[in-house]
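Engineer: Take this structure, written in C-alpha cells, and hold onto it; I'll ask about it next.
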Amino acid sequence: MPSVPIGDLPEEFSESVVLLDVREPDEWDQGHAPGALHIPLEDVPARVDEVDPDAELFVICRSGGRSFRVIQWLNQIGYEATNVSGGMVAWQKEGRRVIAGDGTPGSVY
C-alpha cells in the first residue's frame, strides 16, 4: 500500500486534497488535524460518498493500522488512497497543529 511521511503532506486540506481521519469519535475530540474529514473506521463503507473519488486522498489513524485497512478497501472500490506513516502520533511529534473537537488546542497522546 502506498504511504507518505508526515513531512510530505500538504499543510492544508480541501475538497481536492483530503485527509481522512478514521479514528473513533473520542480520539477525534481529543485532537485532530485542522481541515481533516472525520469518518470513523466502521462508518467508512456507509459514508464513502462523502469522499470525492477524484480527490488526492490521505488516510490517517492513530499509528497506521486502521488507516491501512481502510486504504485496502478504498483501493478495491476504485479510490486511490495513501496511508499516512505513523498516523496522528507522528503528526503531533512533527509539531503539526492539533485541535480538539471544540477548536481549542488538542493532543493525541
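No lab work stands behind these numbers, since they all come straight from the coordinates. These figures come from a predicted structure and were not determined experimentally. All Cβ positions, glycine included, derive from the backbone under ideal geometry; neighbour counts span all protein chains shown.
Engineer: Distance in nm between label sites at residue 93 and residue 76, each 7 Å beyond Cα in the beta-carbon direction?
Structural biologist: Result for the modelled spin labels: 3.0 nm.
Engineer: Count the DSSP beta bridges whose two residues both fall in the chain, then state the antiparallel fraction as a percent rounded to the nearest 5.
Structural biologist: 15 percent
Engineer: For the range 1-58, which GluC sites (Glu not before Pro) are both in a DSSP coil and crowded by at most 15 other Cβ atoms within 10 Å?
Structural biologist: Passing sites in the range 1-58 are 11, 12, 15.
Engineer: Read phi for every residue in the range 70-87 and hand back ³J(HN,Hα) as whole Hz from Karplus 6.51 cos²θ - 1.76 cosθ + 1.60, θ = phi - 60°, with x for Gly and Pro.
Structural biologist: Each residue of the range 70-87 in turn: 5, 4, 4, 5, 4, 5, 5, 9, x, 7, 10, 10, 10, 7, 8, 4, x, x Hz.
Engineer: Please compute one quarter of the surface area of the Cα convex hull for the chain and express it in square nanometres.
Structural biologist: Average of the hull's projected areas for the chain equals 6.0 nm².
Engineer: Which distance in nm do the two modelled labels at residue 107 and residue 26 give, with both placed 7 Å along the Cα-to-Cβ direction?
Structural biologist: According to this spin-label approximation, the distance is 1.7 nm.
Engineer: Same structure again: Check which residues have an amide H placed less than 5 Å from residue 18's amide H, if you skip close sequence neighbours.
Structural biologist: 56, 57, 58
Engineer: What distance in nm lies between label points placed 7 Å from Cα along the C-beta direction at residue 17 and residue 4?
Structural biologist: 0.7 nm
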